[in-house]
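Read the structure below first, then the notes.
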Amino acid sequence: MADQMLKREAPHVVIVGAGFGGLAAARALRGAEVRITVIDRTNHHLFQPLLYQVATAALSAPDIAAPVRTLLATQKNASVWLAQVEGIDVEKRQLLARGQRLDYDYLILATGMRHAYFGHDDWAAEAPGLKTLGEALDIRRRILRAFEAAEMEPSQQERRAWTTFVVIGGGPTGVELAGALAEIAGRTLSNEFRRFDPATTRVVLVEAGPRILPGLDPRSSVSAERQLRQLGIDVRTGVAVSELSVDFVQIGSERIRARTVLWAAGVRASRLAADLGVPVDKGGRVWVEEDLSLPDRPEVFVVGDLIAKTQEGKPLPGVAQLAVQSGRHAARNLLCSVRGRPRTPFRYVDKGSLATIGRNKAVAQIGRFHFSGMVAWWLWLLVHLMSLVEFRRRIAVLFEWGWSYLSWQRSSRVILEVPVVPTDPTSSAQEPQRVRRTGS
């Protein structure tokens, strides 16, 4: 009876979002004298850095996703809701989910980011982004069906349009997608079609800024561009997309006929950030205090990509390691308040940046050390393998990567007709929706 009374009286912590930040926060509160409710629009934690490998048929969806309930099954102070968060009332300390009002004593918002089309939201239908498993499967379907359509197309001009892929955005996701597409065409499918040669596939990577991988040192950007060009990828920098349709992309003064366009150009904050009633930056990220709480709202923490904060004159990067570190720190500061101790300021520790381009091709930046080529590629493999949340998934991914390396094959080349799960409107707090499938 005393234990039940304690559980009812323990502070209620609500964590919205079960990505890297939300999961890190929940795990950091294991065994603490709090009650935790984790709310997410999907039932799984997703290892987003490898999502592009699902989109390009190198891995299957279960290889990079794990049920949230499984991950928290032994954590007795945590429960999980599969629900849409429809709004937050910071005055009443309540949020609305599935039509129910849920009270909280502390709130950790870890809803991440969604796609930004810079005022051209109508482009989303023809240029899907990559943030969910549903989107990854949709992109995989588009890629594989483009090659199938090319095999059946009698017109050489139309076949060329089917085998031209445009990736918009030169960040890590865009670079990795472009590299994987080049390898699929040049190696994986090399002997499987009879009416055309997949090696003639054209991959165009477009970056509006002056260089690709702008978050890395310029030396890494130069190395990455050189490795991309070695794969035959047409890299365009300093030029933006001005028009986009079902079968063409306008890049500057050039119109490129392409039936498959992929978006990796920008992100904006989850719409739930607007409910907090505090200042945000131009991308909708929330300006937080040094302890990651909201101004004048010490019971509300913001972690991960949603943070708008500078350190040493630079904005914090929207990467997985920031989400993990900030999630853990928010949980520690929350416990400091519960136990009557002073909070501590958050300081991000950059453990390095990596981006893979293709087989034996990558760039890595760890402190003042820079690596490229095979060394960077092996570093990338090791870091991502060890970061997967479950040991069983590490074994599965290691097997898939080993088979792919030896055979150049991708074992998940099955075309699935599935509904897309969009990341809009509340990112990881939104419930799945069925939407119209477009393209072929």
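The values are calculated or read from the model by the stated rules, or taken from the named source; none is laboratory data. Keep in mind it's a predicted model, so treat the numbers as computed, not measured. Here the Cβ positions follow ideal geometry from the backbone for every residue, glycine too, while neighbour counts run over all protein chains shown. These accessible areas exclude ligands, DNA and RNA; they are computed on the full protein's heavy atoms, side chains included. Shrake-Rupley method; radii C 1.70, N 1.55, O 1.52, S 1.80 Å.
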Is there any pair with a first residue in the stretch 198-219 that is in contact (Cβ under 8 Å) with a residue 12 or more places away in the chain and a second that is charged (D, E, K, R) and part of a loop (DSSP other than H, G, I, E, B) whose Cβ atoms are under 8 Å apart and which are 6 or more apart or on different chains, and what are they?
PRO198/GLU192
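Rundown of residues vs (1) touching a helix residue (DSSP H, G or I) at 6+ places or on another chain (Cβ under 7 Å); (2) at pLDDT 95 or above; (3) under 30 Å from ASP197 (Cα atoms), yes/no style:
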position: ALA61; (1), (2), (3): yes, no, yes
position: LEU72; (1), (2), (3): yes, yes, no
position: ASP89; (1), (2), (3): no, yes, no
position: MET113; (1), (2), (3): yes, no, no
position: HIS120; (1), (2), (3): no, no, no
position: ILE139; (1), (2), (3): yes, yes, yes
position: ALA150; (1), (2), (3): yes, yes, yes
Some residue of the stretch 100-109 being within 25 Å of PRO62 (Cα to Cα), touching a strand residue (DSSP E or B) at 6+ places or on another chain (Cβ under 7 Å) and touching a residue at least 24 places away in the same chain (Cβ under 8 Å)
no
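For ASP275, state whether it is acidic (Asp, Glu) and without any contact (Cβ under 8 Å) to a residue 24 or more places away in the chain.
Spelling it out, it is not the case that ASP275 is acidic (Asp, Glu) and without any contact (Cβ under 8 Å) to a residue 24 or more places away in the chain.
Kindly indicate whether GLN75 is among the polar types (S, T, N, Q) and either crowded, with 24+ Cβ neighbours inside 10 Å or touching a Gly at 6+ places or on another chain (Cβ under 7 Å) (or both).
On the way: among the polar types (S, T, N, Q): yes; either crowded, with 24+ Cβ neighbours inside 10 Å or touching a Gly at 6+ places or on another chain (Cβ under 7 Å) (or both): no.
Considered against the rule, which asks whether it is among the polar types (S, T, N, Q) and either crowded, with 24+ Cβ neighbours inside 10 Å or touching a Gly at 6+ places or on another chain (Cβ under 7 Å) (or both), GLN75 comes out as no.
Could you list all residues from the stretch 186-222 that are among the acidic types (Asp, Glu), more than 24 Å from LEU59 (Cβ to Cβ) and open to solvent by 60 Å² or more (accessible area, probe 1.4 Å)? I'd like the intermediate steps shown before the answer.
We begin by selecting, within the stretch 186-222, every residue among the acidic types (Asp, Glu); these are 192, 197, 207, 217.
Okay, now just the ones that are also more than 24 Å from LEU59 (Cβ to Cβ), so 197, 207, 217.
Matches in the stretch 186-222: ASP197 only.
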For the stretch 39-69, give me each residue that is among the aromatic types (Phe, Trp, Tyr) and outside any helix (DSSP H, G or I).
PHE47
Look through the stretch 154-185, keep the residues that are of a type in the set (Asp, Glu) and open to solvent by less than 40 Å² (accessible area, probe 1.4 Å), and return whichever of them is modelled with the lowest pLDDT.
GLU183
Out of the strands (runs of 3 or more DSSP E) lying entirely within the stretch 297-378, which hold 2 or more residues that are within 30 Å of ARG226 (Cα to Cα) and in contact (Cβ under 8 Å) with a residue 40 or more places away in the chain?
353-358, 361-366, 369-372
